[in-house]
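Just so it is clear, none of the values below were taken in a lab; they were calculated from the coordinates. Not measured: the values here are computed from a predicted model. Cβ coordinates were reconstructed from backbone atoms using ideal geometry, including for glycine residues, and neighbour counts include every protein chain displayed.
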2 protein chains.
Amino acid sequence: MKIAILGGTGNIGKGLALRWAYEHEIIIGSREQSKAEQLAESYAHILRENATKTCNIRGVENDKAVAAADIVIVAVPYQALKSLVDSIYPCLTNQVIVSLVVPMEKQNSYLKYVPPDDGSAAVELKRLVPDTVGVVAAFHNLSARKLCNLENRLDYDVVVCGSDKEAKKKVMRLIEDINGVRPLDGGEIEDAAIIESLTPFLINLARRNNLGELGVKFV
Amino acid sequence: MKIAILGGTGNIGKGLALRWAYEHEIIIGSREQSKAEQLAESYAHILRENATKTCNIRGVENDKAVAAADIVIVAVPYQALKSLVDSIYPCLTNQVIVSLVVPMEKQNSYLKYVPPDDGSAAVELKRLVPDTVGVVAAFHNLSARKLCNLENRLDYDVVVCGSDKEAKKKVMRLIEDINGVRPLDGGEIEDAAIIESLTPFLINLARRNNLGELGVKFV
């Protein structure tokens, strides 16, 4: 698969790039070509240090990344979502777009989920892109830090929401390519609000209980 | 501790009774004395079959159970919450009351969290009881089936929400008495909505993915 990764909120984009780059073609997107190239090179460096296998990773501007991709991972802060979609809109045809976006705000010392009028960032994204694009929500509740450290054995679940069955299936298959991560069907795209709201919940929970970055496992 | 257990929605009340009855004094409450006695006897039977240790468990009417208790576990369906509180109100003094209540409705084949005007069942309960009662929300996301089977080794987290620090601490200590269950501080009572909403989410997730009853572990 050709996977564009746009933005690296909390380094989750980096983690996915590292975990997929031996098996898939990774295209790091950024607003600036030089930034994208620099990120791709730094990830490639980590991957070369980790194993002798070849990896396939490069960096280009966001719209070029999207134009070249089958799957587009959107890992930007919620505040950047609308302008990102504007900038890539002309390149959207029949890709699958995966929203990792979580609308949240700081309130006192903790984070609060602040869903947009559409009910969730995922549903808003679906409204913003052409109907031919499959929209899926996933990867909100993984520990980016543990994902980024390739020495870490993972044991996580990733809940995937989406109403385009084929798109959802593609994303669930990609998740299976990450060792120790189990994809779970979380229902329709309208069901994404709960997995988005789990992100601030997990961050707050870690903070309150002096734990490291938390992911989730359903047992 | 003297622990009253009122109602057994999805058998979570039964599971808690079984897991605590060797160490604590369990008082099963029901609207009818005979039903309470019958339940207590059936739990005692399971406990005697499981181990030779003595267990301390009896059944009485709800209000008498509450009057005798330090901790009151409220595991009734949301629809029964108001009338339950009415019936036990005269016996509420300075107990800690633990809400396991989840307001949810069936929608098509799935369950949907339907928070009351107060924002959550826990906050509603806090409004309904005297200020001298400590209100805590917990145990929404445990697998009742696995809790009830004493052969099962558990590995779960229980998130506890409450604004009365002493009450929350008492409940977290009680959770530590259940082997394999880790209490986590989930913040104020107003934070309970997310853990209540996780109940229908987990039930739907299990159904969609053909999994057994799910609990949760934060890793």
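List of remarks:
- Projected label distance in nm at B:ASP131 and B:GLU32, using a 7 Å step from Cα toward the beta-carbon: 4.0 nm
- Take each residue of peptide A:190-201, count the partner chain Cβ atoms within 10 Å of its Cβ, and average: the result is 3.
- All distinct Cα pairs of the protein assembly as shown go into the 1/r average, and the inverse of that average, the Kirkwood radius, is 23.2 Å.
- Helix-derived mean residue ellipticity, 222 nm - over chain B, DSSP H n ≥ 4, -39500 (n - 2.57), to 500: -11500 deg cm²/dmol
- Most fluctuating residue given options B:LEU81, B:LEU100, B:LEU150, as computed from a GNM of chain B linking Cα atoms under 10 Å: B:LEU150
- Only Lys, Arg (+1) and Asp, Glu (-1) charged, at Cβ; segment A:2-208 dipole about Cα centre in debye: 600 debye
- Rounded if a/c under 1.5, otherwise prolate or oblate - segment A:2-208, Cα gyration tensor axes: rounded
- If you run the Gaussian network model on chain B, springs between alpha carbon atoms under 10 Å, then out of B:HIS45, B:HIS24, B:HIS140 the most flexible one is B:HIS45.
- Taking B:SER109, B:SER197, B:SER143 as the candidate residues, the one with maximal mean-square fluctuation in a Gaussian network model of chain B, Cα springs under 10 Å, is B:SER109.
- Couplings for segment A:182-187, taken from phi via the Karplus curve 6.51 cos²θ - 1.76 cosθ + 1.60 with θ = phi - 60°, read 10, x, 10, 6, x, x Hz in order; Gly and Pro are left as x.
- Peptide B:101-113 has a mean of 0 when you count, residue by residue, the C-beta atoms of other protein chains within 10 Å of its C-beta.
- Net charge dipole, segment B:1-96: roughly 160 debye, given to the nearest 20, about the Cα centre with Cβ charges of +1 for Lys and Arg and -1 for Asp and Glu.
- For segment B:2-208, DSSP calls about 15 percent of its internal beta bridges antiparallel.
- Ellipsoid semi-axes in whole angstrom, largest first, where each is sqrt(5λ) of the Cα gyration tensor of segment A:1-107: 22, 16, 12
- Average beta carbon contacts from partner chains per residue of A:157-170, 10 Å cutoff: 1
- Sorted from closest to farthest, the other copies place their A:GLN79 label points 4.6 nm away, with each point set 7 Å from Cα along Cα→Cβ.
- For the protein assembly as shown, a crude dipole built from +1 on the beta carbon of Lys and Arg and -1 on the beta carbon of Asp and Glu, taken about the Cα centre, is about 840 debye to the nearest 20.
- For the protein assembly as shown, with +1 on Lys and Arg beta carbons and -1 on Asp and Glu, the positive-most of A:LEU6, A:VAL85, B:PRO183 along the dipole: B:PRO183
- In segment A:1-93, the GluC sites (Glu not before Pro) that fall in loop regions by DSSP, at most 12 other Cβ within 10 Å: A:GLU32
- At 7 Å out from Cα toward Cβ: A:LYS165 inter-copy label distances (nm, ascending): 5.4
- Separation in nanometres of the label points that stand 7 Å from Cα toward Cβ, at B:ASN56 and B:ASN94: 2.0 nm
- Positive end of the dipole of chain A (Cβ unit charges, origin at the Cα centre): among A:HIS140, A:ALA51, A:ASN204, the Cα lying farthest that way belongs to A:ALA51.
- Within straight-line cross-link reach of A:LYS14, lysines at Cα separation under 16 Å, skipping those fewer than 8 residues along the same chain: A:LYS2, A:LYS35, A:LYS146
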